[in-house]
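Peer 1: Okay, here's the structure, questions in a sec.
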Amino acid sequence: MKTKLFFSGSAKPNGALLSFCENAGWELTQQPLIRFEKLAFTLPEHFDVVFFSSPRSVDYFFSENEINSSYKIACLGSGTAAVIQAKSLIPNFVGKYSGKPEEVGKEFSQWLGTRTVLFPLAKHSNETVLKTISDNQKMVVRCYETILVEKTIDQHDIYMFTSPSNVISFLKSNTFPESSQLIAWGTTTASKMREFGLEPSVVLKESSESALVETLMNISTI
């Protein structure tokens, strides 16, 4: 019987996750349980650094703005850095483990020093990195909103959740089989699972398909 994997996102075409599932003979369900809406925002007059917490924050920010070379660019991890680089920009700070935003926040705070930082965020963001920065150094613009999309999902063997919002949306219409395994795309998603009394089998240190595939390979050998 094929192992059935639920992934609360869209796998990259020709990426690590699709390749693994095809080679392993796994059945993959790709189903985002959230959607996004753009929000209008106004930039503050001055800031030294802009910190992007996700690829989506990059896209929504630059859909309305450009920044000149006097600003430094920072981001949560390598996935977001790749999106920044695709816009012909080079991030000056990249978090080592995007799946552990608390640790990235501490690292970023030290790197930031006394400079001011702008956070382009979603409405109702978890703001994990933001909390590590003193109030007089940080500014926030809300550039998009996350909307829950309720769907009934067939039972799977393994469930991979890419965000806290996907966890919330899933649980509005679904439950888990008793024998299923849960994987969290980082510590904030794991924390949301635990709020509902769910304990993830694995919490990824790096929010990437390659890190997920490494975990799936270990699961498949158990």
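Peer 1: Skipping prolines and chain starts, which residues have an amide H placed within reach, meaning under 5 Å, of the one on Arg142, given they are 5 or more residues away or on another chain?
Peer 2: Amide H to amide H, under 5 Å and 5 or more residues apart or across chains, Arg142 pairs with Leu121.
Peer 1: Can you tally the net charge around Ser180? Count Lys and Arg as +1, Asp and Glu as -1, for every other residue whose Cβ sits under 10 Å from the Cβ of Ser180. Working shown, then result.
Peer 2: Numbers: positive: Lys4; negative: Asp157, Glu178.
Neighbourhood net charge equals -1.
Peer 1: Let me ask something else about it. With each pseudo-label sitting 7 Å past Cα toward Cβ, what's the Lys151-Trp111 distance in nm, one decimal?
Peer 2: Simple spin-label model gives 3.4 nm for this pair.
Peer 1: Now, a different point. Within 13 Å, Cβ to Cβ, of Glu145, how many net charges do the neighbouring residues add up to if Lys/Arg are +1 and Asp/Glu are -1?
Peer 2: Numbers: positive: Arg35, Lys38, Arg56, Lys123, Arg142; negative: Glu37.
For residues surrounding Glu145, the net value is +4.
Peer 1: Apply 1/(1 + (r/R0)^6) to the Cβ-Cβ distance of Glu37 and Asn174, taking R0 = 30 Å, and write down the FRET efficiency to the nearest 0.05. Spell out each step's value before the answer.
Peer 2: Working: r = 24 Å, r/R0 = 0.79.
Efficiency computed from Cβ-Cβ geometry: 0.80.
Peer 1: Report Rg/Rh for the stretch 37-146, rounded to two decimals, where Rg is the Cα radius of gyration and Rh the Kirkwood radius. If you can, show how the numbers build up before the last one.
Peer 2: Working: Rg = 12.5 Å, Rh = 13.7 Å.
For the stretch 37-146, the value is 0.91.
Peer 1: At q = 0.13 Å⁻¹, what is the log10 ratio I(q)/I(0) for the stretch 121-162, with the Debye formula run over Cα points and no solvent?
Peer 2: -0.51
Peer 1: While we're here: Going by a ≥ b ≥ c, the root eigenvalues of the Cα gyration tensor, does the stretch 66-129 fall in the rounded group (a/c under 1.5), the prolate group (a/b larger than b/c) or the oblate group?
Peer 2: Values: a/c = 1.37, a/b = 1.24, b/c = 1.11.
Judged from the Cα gyration tensor, the stretch 66-129 comes out rounded (a/c under 1.5).
Peer 1: List the chymotrypsin sites (Phe, Trp or Tyr not before Pro) within the stretch 145-222 that DSSP assigns to loop and that have no more than 13 neighbouring Cβ atoms inside 10 Å. Intermediate values should be presented prior to the final figure.
Peer 2: Details: sites: Tyr159, Phe161, Phe170, Trp185, Phe196; in loops: Trp185, Phe196.
Answer in residue order: Phe196.
Peer 1: Let me ask something additional. Between Thr3, Ala24, Tyr60, whose Cα lies farthest towards the positive end of the dipole of the chain when Lys and Arg beta carbons carry +1 and Asp and Glu beta carbons carry -1, centred on the Cα centre?
Peer 2: Working it through, the farthest residue towards the positive pole turns out to be Tyr60.
Peer 1: Restricting the count to DSSP beta bridges whose residues both fall in the chain, what percent are antiparallel, rounded to a multiple of 5? Intermediate results must be reported in sequence, preceding the final value.
Peer 2: Details: 5 of 33 bridges.
Among the beta bridges of the chain, antiparallel pairing accounts for roughly 15 percent.
Peer 1: GluC sites (Glu not before Pro) within the stretch 30-96: which are DSSP loop residues with at most 14 other Cβ atoms inside 10 Å? Present the calculation step by step, with values, prior to reporting the outcome.
Peer 2: Working: sites: Glu37, Glu45, Glu64, Glu66; in loops: Glu45, Glu64, Glu66.
Loop-located and lightly packed - Glu45, Glu66.
Peer 1: Regarding the stretch 179-222, what whole-number volume in Å³ per residue does the convex hull of its Cα atoms give? Show your work: numbers first, answer last.
Peer 2: On the way: hull volume 2.8 nm³, N = 44.
Expressed per residue, the convex hull around the Cα atoms of the stretch 179-222 is 63 Å³.
Peer 1: Now for a different question. Suppose we keep just the alpha-carbon trace of the chain; what are its Rg and Dmax in angstrom?
Peer 2: 18.1, 59
Since every read-out is calculated from the coordinates, none of them should be taken as a lab result. Please read all numbers here as calculations on a predicted model, not as lab measurements. Positions of Cβ are generated from backbone atoms using ideal geometry, with glycine treated the same way; all protein chains shown enter the neighbour counts.
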